[in-house]
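Step one of this worksheet: look at the structure below.
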Amino acid sequence: MGKHLVPILDGNTFVVSDRRGDVEPAPRTPTGFFSFDTRFLSVWRLSLNGERLNALAADSPEYFEARFFLVPGAPTHYVDAKTTLMRKRTIGQGGFHEVLTVINHDDRPVDYQVRLDAGADFRDLVEIKDRSPKVGTYRSVVRDGTLILDYQRDRYHRQALISVDRPAQIDERGLAFSFRLAPNTRWTGTVRVRAVVVGARGGDLRETLEARRPRDKQTLKQDLAEWLDRAPELRSDWRPLLRMYRRSLIDLAALRYSTLAFPDHPIPAAGLPWFMGIFGREAMLSSLQALPFVPELAAATLRLLAINQGSRVDDFRDEEPGKILLEFRYGETAAFEERPNSPYFGAADSTLLFLILLDEYERWSGDVDLVRELEPEARAAITWMSDYADLMGDGYVWYQSRNPRHGLPNQCWKTSPDAISYRDGRLPGLPRATCELQGYAYDAKLRSARLARLVWNDAAFADRLEREAAELKDRFNRDFWIEEGGYYALALDGDHGKVDALSSNIGHLLWSGIVEESRARAVADHLLGPQLFSGWGVRTLSDRERRYNPVGYHVGTVWPSDNAFIVWGLRRYGFNREAARVATTIVEAAQYFDGRLPEAFGGYDRAQTKYPVPYPTACTPHVCSTGASLLMLRALLGLEPYNDVLVVDPAVPVEMGRIELVGIPGRWGRRDAFARGREPVD
C-alpha cells in the first residue's frame, strides 16, 4: 500500500482511499470499497459548495476506522480556511458508514452543499489488474431514498446500496446535503454504503454470514479487545519489539477472513489490497507462525482447506487428487471461469504445508480429534506426493502447470516468472524442483509418520514414511549440493541440472531439517554473507546473480516472512548468533514502517541507504509478514512443545534486553517464558 493511501478493513471487506477519504478511478489501482473480491465503489468523491477539499490530517485509530480532517481550497488557503469538514469512516455490517461533520468558523451564517459523487465498476481484483472489458449490464436507480448501483451478468448480480440519515438530494450519480450554519456551529450527517451479493432467489447471500458474526463498531472494538486479551502478554525492555508485537496482533485480527463455509471460524487472509481472500499457502504459513499465540487460526485453516482439497484431475485449475488449493476467489472472473481461481491449485508447496501444519497444531494443542477427523485428507495429501508431484519418477516434488494459458509458471512460494533462474540469468525449462519443496516434503513425511504412529495406529505406514524421508534426505544432499560454491542449488531443471543461483530458499532447508549437519555452517555463512544479507535482512536473491534487482519482487527484495523462517531454521541448527542478528535487523526495519512489517522491502545494502527502502506495491498488512514477528519471538525464546511440556531455550540478543512472554497457550494450559538478552553463543 502506498503511503498516501488510507485503508480500513475487516477480513473480507475493506476500503482504500486517498488522504482526503476520496476514491478516484485509476487504472490498475486497488482503491475503492471491496467485499468478497468485488469493488462495490470505484468513485466516492466529496465536495463542499462545488469545491474539492484538501487534507490537513488523516489517521486510522483502529484498523476498522479512519478519520479525515479537511478544508476547502488549495494548500495556500489553509490559514484562511473558514470551514472544517471531518469524515469519520467505519467499516462493518457488510459495508461502511461515514459521519460527515461541517463546522462554520466564520462570523456570519453560511449556506453549504455537501456533495458525494458515487460510482461502481464492480470489477473484481483480477480485472483491476488486467483491465479486461466488462460484459454485464449497469444500472443506477433511486428507490425509497436509497441510491442503488447495480451490476448483473446472467445470474451474477451485485449491488451497492447508499442511504442517508437525513433529508438529501439523491440522484443517479450521488447525493447532496444542503443546509445553513450559524457562526461557530456544526452540522452532522451519516451516509451508509452496503454491499449486496444477490442470490439466485434474490436477497443477500451475506446476510447469514453477518447474522452469525455481527460486525458493528461496538462489536469490533470488543472483539479486538478480547483477541488481544487471549494472546500472550509481551514484556520487554526493547520498545521496538513491543511496538511490532502489538501491531502484528492487531493486523492479524484485521486480516481474519470469514468464509461462507465457516462463518464462525475465520482464517487469515493473505494481504491488503490484492490478496484479501482465501490463499492456502499464506493461511497455513501464518497459522504456523501464530500457533504459540492464537492457535485457533490453525484449526480453522486446516478444516477449510480440507473441505476444498483436490479430488480429480482438472487441467484448467491445476487440480489433482489430494492437492491443497492455492487460492479461492468469489469475483466475476472466477464465477464465469475466465480465470481458474474458484479454486485454483497451482502450488506445489501447499499440500506439504498442510501436513506440516496438521502435525505442528497437534504438538501445540493436543487436539487428536482433529487429526483423526482429517486422516483421510492427510493420507490423500501424502499420496499426492508420490502419485502426482513426482513428475520425473525420482522421488522429488516437481511442478509444471497443466494450464499453459492461465497457470502459474512457478508454483513454489516465489511465484514470479523470473524468480527461478541460473546465475547467468537464464530461466530453466520445466518441470522444476526447487530446493525448499524437497525440505518441506522431508518434513511432511516425518511429521506424518509421527501422526500415523501416535493417532492413526498405523505403525507400518509410519515406518514407510520415515524410510522415504531418510532416502529423500540422502538423495537431496547428493543431487542439490554445489560443491564449488558450498551451497544448495535453487532448483533442479527438467534435465536434472542444477539451477545454480544463490537464494534465500536455502534458509528454508534449515527449518525443514533436511540439511546435513556437516553442511549447515556453510548454509548459515551464505545467509549472513554479503551476497544475501543486506543489513536489513536476507535478500531473496544474491546481489551477484544476473537477475538480481533490489526492488524485484522475488529477485532481490527482503521478505520479513522469509527471514522469520530463516531465523527459525538457524536456531534449529544451533546458530544462535546468526539467528539473533537476522531477527534484530528485521525488528529495526519495522520501525521505519510504523512497527508494521510490509510484504517486502528493497534489498539495498544498509550502508548505502541507511533505511529500508519500501517496495512500491507491497501488501500492507501482509499476513505472513504480520506473523513474522511472532515466529521470530518463538525462535528467540526457543519455544518447543514436548508432549504436555513447553520447553523454553532462549537465545535473546543483548539489544532486546529482558523478554517475558506471559500466558502462552497450549496443551499444557497457559505457561510463561522468561529470558534476558546476552551475547549469543552458538
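The values are calculated or read from the model by the stated rules, or taken from the named source; none is laboratory data. All values derive from a computational prediction rather than experimental measurement. All Cβ positions, even for glycine, are placed from backbone atoms using ideal geometry, and neighbour counts span all protein chains on display. Keep in mind that these areas ignore ligands, DNA and RNA; they rest on the heavy atoms of the full protein, side chains included. Shrake-Rupley method; radii C 1.70, N 1.55, O 1.52, S 1.80 Å.
Okay, here's what the table says:
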| item | result |
| --- | --- |
| Enumerated strands (runs of 3 or more DSSP E) restricted to the range 17-65, each holding at least 1 residues that are open to solvent by less than 30 Å² (accessible area, probe 1.4 Å) and closer than 12 Å to residue 123 by Cβ | 32-35, 38-41 |
| Count of residues meeting criterion [open to solvent by less than 10 Å² (accessible area, probe 1.4 Å) and either within 24 Å of the chain's Cα centre (by Cα) or at pLDDT below 95 (or both)] in the range 354-374 | 9 |
| Among the residues listed as 442, 388, the single one being part of a helix (DSSP H, G or I), touching a residue at least 24 places away in the same chain (Cβ under 8 Å), within 18 Å of residue 505 (Cα to Cα) and open to solvent by 10 Å² or more (accessible area, probe 1.4 Å) | 442 |
| Count of residues meeting criterion [in contact with a Gly (Cβ under 6 Å, 6 or more places away or on another chain) and either farther than 16 Å from residue 120 by Cα or exposed (fewer than 15 other Cβ atoms within 10 Å of the Cβ) (or both)] in the range 164-200 | 2 |
| Any hit, the range 277-286, residues being at pLDDT 95 or above, open to solvent by 20 Å² or more (accessible area, probe 1.4 Å) and at negative phi | yes |
| Search result, residues across the range 501-520 that are of a type in the set (S, T, N, Q), surrounded by 24 or more Cβ atoms within 10 Å (Cβ to Cβ) and out of contact with any strand residue (DSSP E or B) (no Cβ under 9 Å at 6 or more places or on another chain) | 512 |
| Output for the range 100-118, where each listed residue is under 37 Å from the mean Cα position of the chain (by Cα), open to solvent by 20 Å² or more (accessible area, probe 1.4 Å) and either over 17 Å from residue 45 (Cβ atoms) or basic (Lys, Arg) (or both) | 115 |
| Residue that is at negative phi, part of a loop (DSSP other than H, G, I, E, B) and surrounded by 22 or more Cβ atoms within 10 Å (Cβ to Cβ), where the choices are 321, 340 | 340 |
| Unmet criterion (only one of (1) open to solvent by 50 Å² or more (accessible area, probe 1.4 Å); (2) within 19 Å of residue 231 (Cβ to Cβ); (3) in a helix (DSSP H, G or I)) for residue 634 | (1) |
| Candidates 408, 472, 451, 430, filtered to the one that is of a type outside the set (Gly, Ala, Ser) and crowded, with 23+ Cβ neighbours inside 10 Å | 451 |
| Residue list for the range 255-276, filter: crowded, with 24+ Cβ neighbours inside 10 Å and outside any strand (DSSP E or B) | 255, 269, 270, 272, 276 |
| Residue list for the range 119-132, restricted to those being open to solvent by 10 Å² or more (accessible area, probe 1.4 Å) and either of a type in the set (A, V, I, L, M) or within 26 Å of residue 53 (Cα to Cα) (or both) | 119, 120, 121, 126 |
| Flag for residue 32 being touching a helix residue (DSSP H, G or I) at 6+ places or on another chain (Cβ under 9 Å) and within 16 Å of residue 129 (Cα to Cα) | yes |
| Qualifying positions in the range 485-500 - within 15 Å of residue 424 (Cβ to Cβ) and either touching a residue at least 60 places away in the same chain (Cβ under 8 Å) or open to solvent by 10 Å² or more (accessible area, probe 1.4 Å) (or both) | 485, 490, 491, 493, 497, 498, 499, 500 |
| Qualifying residue in the range 88-95 (condition: open to solvent by less than 50 Å² (accessible area, probe 1.4 Å), assigned to a strand (DSSP E or B), of a type in the set (Lys, Arg) and under 30 Å from residue 250 (Cβ atoms)) | yes |
| Options 175, 224, 220: the member that is touching a residue at least 60 places away in the same chain (Cβ under 8 Å), under 30 Å from residue 103 (Cα atoms) and not in a strand (DSSP E or B) | 220 |
| Qualifying position, being open to solvent by 10 Å² or more (accessible area, probe 1.4 Å) and under 30 Å from residue 367 (Cα atoms), among 604, 611, 642, 615 | 642 |
